[in-house]
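To keep things clear, I will list the structure first and then write my remarks on it.
Nothing in this text is a laboratory measurement; each read-out follows from the coordinates by a stated rule. These numbers were taken from a predicted model, which means no experiment stands behind them. All Cβ positions, even for glycine, are placed from backbone atoms using ideal geometry, and neighbour counts span all protein chains on display.
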Amino acid sequence: MARILNSIRMGDWLEKDRMLVYPLVIMATTVVSIAYVLFSHGGVLPNGSPFGADFVSFWVAAREALAGHPETPYLMARFAAAQDAIFGDGNVYAFYYPPHYLAYMLPFGALPYYPALATWLAVSFAAALWALTQIAGRRIEVLVLALAFPATFLTVAHGQNAFLSAALFGGGLVLLRTRPVLAGILFGLMTFKPQLGLVIPLALIAGGNWRTILSAGATAVLAAAFSAVLFGAEIWALFLQQGGDAMATLRDGVVDRNKMLSVYAMLRLVGTGHSTAVVLQSVVSVLVAAAVTWAWFRKDAITYDTRAVVLLSGALLATPFVLSYDLFLLAPALAFNGARGATTGFQPYEKSILAFLYCAPFLILGLMAVSLPIAPFVLALPFLRALKSAVDQSRHHAGNALIAAE
């Protein structure tokens, strides 16, 4: 037993061969699972929707825009009719995205559904893989781990945009130190999903990244202006009017709360009322925002990889609206941790904790399927570990400064 505990503590069990073999086993299992679900239901999901069902809203929205009806995605009755006219399954997928995301999706609307889905997933995954290799190096392990990451399966199965979120967020952090203007462009493009970027401006301001802030702001404004020119300025009015529907979706549980990861969703699942859950989520969000701001303000004392992990993991904790596939945002956080550990050495238990976090999306999914909402606690683990590391580094820096002053 002592030998096993020591192996967990030191992470000796996580050898290079196992870092390839275990992910390959996971990948094979997910492929077989997907194939079984599809072929056992005639090539569709159990509810009658096509595979990658969330992509239905992206694809139909793009088709409607290409047909000269960009307002359709923001008019629910018309959007539902447009979806049902194509798929006829009675399922409706909303489009709660700003108009510049509709512009991002236009090329995919020109393709049939499954080729569009395959192209979307391939292109966005390639972008995310670029960010991960910039963090952790161009090694075969990075590709295998990225492909086998359970959150990759969740993103593919939903046809969602988590790869794009990770590419823009992780890529922005990669470029921030050397190409701040380009980093700002990536952060500005990430405004298609603003709930995941709530704490990014705080980090940039605290770190004094003014060129990045200006670049991000200009990019966001230009993206909004471009979509207004492309689709008509009134489309932004329709999008803003839809804000109440989006809040009602969160409040009324229109999206299955067992798929949501936030403190708010956890509290609602255990019977807490909406107002109380909002207050407690707000408290967590403020605390996370304060921690992120402090860590990035102390850039002279805290290493960049630590601040990056605080920001990435904090972004998932700070928002009330975060779903299972958004766990792919942990990929760049794990990459920053792994790259730092490979260079300077891993702390006790760190390898085992990283392995746990890597597998955590399946654990979260399985337990939440039986209404055990553990996601916020899992998300808190990398955040609190990175924050503790930041505090230790800050104290060490202060101690060294005091010794130098004497």
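From least to most packed, judged by other beta carbons within 10 angstrom and beginning with the fewest, Ile403, Ile26 follow the order Ile403, Ile26. Rounded if a/c is under 1.5, else prolate if a/b beats b/c, else oblate: with a ≥ b ≥ c from the C-alpha gyration tensor eigenvalues square-rooted, which is region 184-232? It comes out oblate by the Cα gyration axes.
Each Lys and Arg contributes +1 and each Asp and Glu -1, all at the Cβ; summed about the Cα centre of the chain, the dipole is approximately 960 debye.
So what's the angle, to the nearest 10 degrees on a 0 to 90 scale, between helix 99-109 and the longest Cα principal axis of the chain? With rounding to tens, the tilt is 70 degrees. Remark: the chain projects, on average over all directions, an area of 22.0 nm² (convex hull of Cα atoms). Over the chain, DSSP H runs of length four or greater, each weighted -39,500 (n - 2.57), average out per residue to a 222 nm ellipticity of -23500 deg cm²/dmol. The number of Lys pairs in the chain with C-alpha atoms less than 26 Å apart, excluding pairs fewer than 8 positions apart on the same chain, is 5. For region 75-128, the fraction of C-alpha pairs more than 13 angstrom apart is 69%. Ordering 159-165, 338-344 by mean Cβ neighbour count within 10 Å, with the highest value first, yields 159-165, 338-344. Toward the positive end of the charge dipole of the chain, with +1 on the Cβ of Lys and Arg and -1 on the Cβ of Asp and Glu, the farthest Cα among Pro115, Asn209, Ala166 is that of Asn209.
Put in order of Cβ neighbour count within 10 Å, fewest first, the listed residues Met190, Met247 become Met247, Met190. Using only Cα atoms, tell me the angle between helix 274-297 and the longest principal axis of the chain; keep it within 0 to 90° and round to the nearest 10. It works out to around 50 degrees.
Sorted from greatest to least, the principal axis extents spanned by the alpha carbons of region 271-406 come out as 57, 34, 19 Å.
When all C-alpha to C-alpha distances in region 96-229 are sorted into bins of 5 Å, what percent of pairs does each bin hold, rounded to whole numbers? Per 5 Å bin, starting at zero, the Cα-Cα P(r) for region 96-229 comes out as 2, 10, 18, 21, 19, 16, 10, 3, 1, 0 percent.
Comparing Leu287, Ser33, Leu323 along the charge dipole axis of region 2-405, the residue lying farthest to the positive side is Leu287, per the Cβ-charge model.
Reported to the nearest whole Å, the Cα centre-to-centre distance from region 117-151 to region 275-354 is 20.
Angle of helix 113-136 to the longest C-alpha principal axis of the chain, folded into 0 to 90 degrees and rounded to 10: 10°.
For region 303-333, list residues with backbone N below 14 Å from a point placed 7 Å from the Cα of Thr343 toward its Cβ? Residues 303-309 fall inside that zone. P(r) tail, region 151-286: Cα-Cα pairs separated by more than 22 Å, 53% of all pairs.
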